[in-house]
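**Student:** First the structure, then my questions, so here it is.
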Amino acid sequence: MGISILDPVEYGRLCAAALPKAIESDEEFDRLAAAMEELDFKENPTPEEETLSALLMVLIQDYDDKHHELPKASPDAMLRILMEQRGLKQADLLPVFASRSVASDVINGKREPSKAHIRKLAEFFRISPAVFL
């Protein structure tokens, strides 16, 4: 994201629409996760949108860490769980794997994810890399 000057009016407008706050329920979690996903899938996000997305990620991760423990599973099983939860297809992971065949092999457990894949998966899903170890 880098250092940038935020437009306080635009950032305030975005915050007013999202109403970010400490998450206290699964409903608030879902609402803020949807808002973050909407921002994350923008093609050319503004600095204000990137900043709000980063704030929402912190709030979501905090709540998730306290209330939703991820199941213990193999890297491929965990990847399939995360994909299913988010309604993703193998093609959605091309930014991580850069190859359909590698993505297929990792998802189907025919190949272990590399350290670079684990790092990219953790960034993509916004979770700890330890989930894939």
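**Student:** Within the bounds of segment 122-129, is there any residue that is touching a helix residue (DSSP H, G or I) at 6+ places or on another chain (Cβ under 9 Å) and surrounded by fewer than 12 Cβ atoms within 10 Å (Cβ to Cβ)?
**Tutor:** no
**Student:** Then there's this: Please work out if Leu94 is part of a helix (DSSP H, G or I), touching a residue at least 12 places away in the same chain (Cβ under 8 Å) and outside the structural domain of Glu37 (by TED's automatic domain parsing).
**Tutor:** no
**Student:** With the checklist (1) more than 12 Å from the chain's Cα centre (by Cα); (2) part of a helix (DSSP H, G or I); (3) closer than 25 Å to Ala17 by Cα in hand, flag the one item Ile118 doesn't pass.
**Tutor:** (3)
**Student:** Do you know which residues across segment 1-21 are aliphatic (A, V, I, L, M), exposed (fewer than 10 other Cβ atoms within 10 Å of the Cβ) and in a loop (DSSP other than H, G, I, E, B)?
**Tutor:** Selection gives Met1, Ile3, Ile5.
**Student:** Next question. Name the residue, out of Gly109, Gly87, that is outside the structural domain of Ala18 (by TED's automatic domain parsing) and without any contact (Cβ under 8 Å) to a residue 24 or more places away in the chain.
**Tutor:** Gly87
**Student:** Also, quick follow-up: Please count how many residues of segment 22-81 are part of a helix (DSSP H, G or I), small (Gly, Ala, Ser), surrounded by fewer than 16 Cβ atoms within 10 Å (Cβ to Cβ) and touching a residue at least 12 places away in the same chain (Cβ under 8 Å).
**Tutor:** So the count comes out to 2.
The values are calculated or read from the model by the stated rules, or taken from the named source; none is laboratory data. Computed from a predicted model, the values in this text were never measured in an experiment. Cβ sites come from the backbone with ideal geometry, for glycine too, and all protein chains shown count toward neighbours.
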